[in-house]
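K.L.:
Below is a structure I'd like to ask you about.
The values are calculated or read from the model by the stated rules, or taken from the named source; none is laboratory data. Because the structure is a prediction, the values reported are computed rather than measured. Every residue, glycine among them, receives a Cβ derived from its backbone with ideal geometry; neighbour counts consider all protein chains shown.
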Amino acid sequence: MTNRPEIPGALADKASVGYVEKLEQAVEGCLKAMAKINEAHAPFAIGHELQVAELAAAIGKEMGLPNEVIRGIRAAGSIHDIGYVTVPAEILNKLGKLTPYEMVSVRNHVQAGFEIVRDIEFPWPVAKIILQHHERMDGSGYPHAITGDGIILEARIIAVADVVDAIASRRPYRPALGIQSACDEIAQGSGILYDPDVVKACLKLFKEKAYGHVYASSGISPTQHSTGTNT
């Protein structure tokens, strides 16, 4: 039997670091692939998950959260709507108002997303974040009407980023409403629907740190408004 050559300590450490980096790149690549599959099923959502992931990560950074927590927020944000692959495309891309049955189908995407990723051993609570990102502080959210701190912080952050991007971006049933409308929504819902600390950090990004340029560079006007009533 041929003996393996011994690897000097420094080289072994370097090899280990390289291996970990490749694993991290592989995880990131898998997440992007999952997001692309979702976008192919729901074309209106192209770019949405990535924008939510980046905004949520920026909020986490503004709140002073540890880098590892922020990495988990970015990972979960990049696939937070993966459950949409289980919703019929004709419902997701419908131009008119959804029927009660269709709304139930759409809302089920959080449970479906949880089921899709629950057995993947991420180093972060990705499945739980996906499951809870439509919960609201006052218990008016779904799927389990959880309140306050019962919702994990990462999900509370994704919730705010998700609402901001959804309002600021175009949807099948309406044009983009703009960043100002998005900021108004989370400000009005602060402490009721949304975590006030998360809202404070998010508003600071747009009002003091020019985060709105991300949307401006994407062709979404921060001042664009619409007469549509759906968000």
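K.L.:
Could you pull out the residue among 73, 91 that is modelled with pLDDT of 80 or more, in a helix (DSSP H, G or I) and within 12 Å of the chain's Cα centre (by Cα)?
P.N.:
Values: 91 fails: within 12 Å of the chain's Cα centre (by Cα).
The match here is 73.
K.L.:
Same structure again: Anything in region 163-185 that is in a helix (DSSP H, G or I) and under 16 Å from the mean Cα position of the chain (by Cα)? List them, or say none. Explain how you work it out, then say what you get.
P.N.:
Going through region 163-185, the residues in a helix (DSSP H, G or I) turn out to be 163-168, 179-185.
Those that are in a helix (DSSP H, G or I) and under 16 Å from the mean Cα position of the chain (by Cα): 163, 164, 165, 166, 167, 168, 182.
K.L.:
How many residues, within region 140-162, are part of a helix (DSSP H, G or I) and either surrounded by fewer than 21 Cβ atoms within 10 Å (Cβ to Cβ) or in contact with a Lys or Arg (Cβ under 9 Å, 6 or more places away or on another chain) (or both)? If you could, list the steps in order and put the result at the bottom.
P.N.:
Taking region 140-162 first, the residues part of a helix (DSSP H, G or I) are 148-150, 153-162.
Those left that are additionally either surrounded by fewer than 21 Cβ atoms within 10 Å (Cβ to Cβ) or in contact with a Lys or Arg (Cβ under 9 Å, 6 or more places away or on another chain) (or both): 148-150, 153-155, 159.
Result for region 140-162: 7.
K.L.:
Read through the list (1) within 25 Å of residue 63 (Cβ to Cβ); (2) at pLDDT below 65; (3) out of contact with any helix residue (DSSP H, G or I) (no Cβ under 8 Å at 6 or more places or on another chain); (4) β-branched (Val, Ile, Thr), then give the number of the only condition that residue 231 fails.
P.N.:
Only one criterion in (1) within 25 Å of residue 63 (Cβ to Cβ); (2) at pLDDT below 65; (3) out of contact with any helix residue (DSSP H, G or I) (no Cβ under 8 Å at 6 or more places or on another chain); (4) β-branched (Val, Ile, Thr) is unmet by residue 231, namely (3).
K.L.:
Go through (1) of a type in the set (Gly, Ala, Ser); (2) free of Cβ contacts under 8 Å to residues at least 24 places away in the same chain; (3) surrounded by fewer than 16 Cβ atoms within 10 Å (Cβ to Cβ) for residue 105 and report which single condition fails.
P.N.:
Answer for residue 105: the failing condition is (3).
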